[in-house]
Amino acid sequence: MKKHNFNSGPSVLPQEVLQQAAAAVIDFNNIGLSILEIGHRTNWFVEVLEEARNLVKELMQLDDTYEVLFLHGGATTQFMQVPMNLLDTNETAAYCDNGIWGNKAWKEASLFGKVNVVASSTDKNHTYINKGFDIPADAKYLHITSNNTVEGTQWHSFPQTDIPLIADMSSDIFSRPLNFKQFSLIYAGAQKNMGAAGVNLMVVKKDILGKISRPIPAIMDYRKHIEAGSLMNTPPVFAVYVAMLTLRWIKKEGGLKEMEKRSIAKAGLLYDTIDTLPIFHCPIAKEDRSLMNAVFFIKDESLQNKFLEECKLNGMIGVKGYRTVGGIRVSMYNALEYESVVAFTDLMKDFANKN
Ligand SMILES: Cc1ncc(COP(=O)(O)O)c(C=O)c1O
């Protein structure tokens, strides 16, 4: 039976990326060695790293005022690495709290300096994105989570501000063209739209660095990683390779415009189906709904397990809502095919008819 992979991350990857990665585990580029066996300072790997870095810059249309790093530690490490590098103890950073990940981010930042939570959607269970809030001009930076993976909301336009804008883009990176130059720092774990778990993409405008007095351990210091070209220590070689293959795939398929077109088609079909079938309910404000993660509920809670059981029987993987939110969550990352959403919405219709 064909499996439809709606996992929230790690999640679906393009078939051809999986095939290329699998082949490279046995023999990388016909050199007679596995990608897992080559040194990270060999030309073989340095070329992979260089291509990945260039693809990031090309897809995001960034110039040389930005640096691209591939780091260890997942997005969670960035929750503390960002303030460690940018926020002095007596300074204040502004944070938006629109969900579990943004909440974790500002709590980590408060270990390094002062935090001003300038917007929060906790009043309505994170079912919307705050708009029109004040951003203090003296804040060191504003941090947002561009897509709230757990709650199913997404920023479709960004706050206009003169202070550096920082975004955790873990769950919608490379899913849409944006004016990436409006951000001073972007980070994302790779395991959703960009490849395998184990590597973290970090894009930074160089001029925001070096402005604090705190000593920073070398492995945490962005400037040291830039100097070393992401090779300060052994990088996650295989994860960087899979990210490079996925970036190549995105470019070949038509870039971020094409990814967005596909996402709008997939999410459009799913949200339309939810809104037209009375047994389902999506509590997320329509203008803030995520194109990546749709969160919704069956009005009659007693049908929830029956629906999940039907999904399992029909090869629909990873649709159970996050443990603190409940309900259903369908993730539609770049590599998820439109046909999978068709299969899922057919199942929803069938279930609604029967129940
Ligand atoms: C938006 C967002 N930020 C951060 C994280 C944490 O990422 P990691 O597990 O790579 O630390 C996740 C994980 O799903 C996420 O969705």
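The values are calculated or read from the model by the stated rules, or taken from the named source; none is laboratory data. Nothing here was measured: the structure is a model prediction, and the numbers come from that model. FYI the Cβ positions are ideal-geometry reconstructions off the backbone, even for glycines, and counts take in every protein chain you see. Side chains are part of the model used for accessible areas, which takes the heavy atoms of the whole protein and leaves out ligands, DNA and RNA. Shrake-Rupley method; radii C 1.70, N 1.55, O 1.52, S 1.80 Å.
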Starting from the Cα gyration tensor of segment 92-194, take the square roots of the eigenvalues, sort them a ≥ b ≥ c, and report rounded, prolate or oblate (rounded when a/c is under 1.5, otherwise prolate if a/b is larger than b/c, else oblate). rounded
Kindly sort Trp249, Trp106, Trp44 by accessible area of their heavy atoms, largest first, with the probe set to 1.4 Å. Trp44, Trp106, Trp249
Projected-area mean, the chain, by convex hull of Cα positions, square nanometres: 18.0 nm²
Excluding the sites themselves, what is the longest stretch of the chain that contains no trypsin sites (Lys or Arg not before Pro) in a DSSP loop with at most 16 other C-beta atoms within 10 Å? 42-130
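Percent of alpha carbon pairs in segment 242-355 separated by more than 21 Å?
38 percent
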Please turn the phi angles of segment 59-70 into ³J(HN,Hα) values with the Karplus equation 6.51 cos²θ - 1.76 cosθ + 1.60 (θ = phi - 60°), one per residue in order, whole Hz, x for glycine and proline. 5, 8, 6, 10, 9, 6, 6, 10, 10, 10, 10, 10
C-alpha center-to-center spacing [segment 266-301, segment 38-101] in angstrom: 33 Å
For Trp101, the accessible surface traced by a 1.4 Å probe with all protein chains present amounts, in square angstrom to the nearest 10, to 70 Å²
When only alpha-carbon atoms are used, what values of Rg and Dmax, in angstrom, describe segment 153-257? 15.1, 45
One-quarter of the Cα convex hull surface for segment 7-148, in nm²? 11.9 nm²
Quick check: Cα centre of segment 173-194 to Cα centre of segment 325-354, how many Å? 25 Å
Kindly provide the helix-only [θ] at 222 nm of the chain, computed as the sum of -39,500 (n - 2.57) over DSSP H runs of four or more divided by all residues, to the nearest 500 deg cm²/dmol? -11500 deg cm²/dmol
Anchor Lys104: lysines whose Cα lies under 16 Å away (excluding residues fewer than 8 positions away in-chain): Lys114
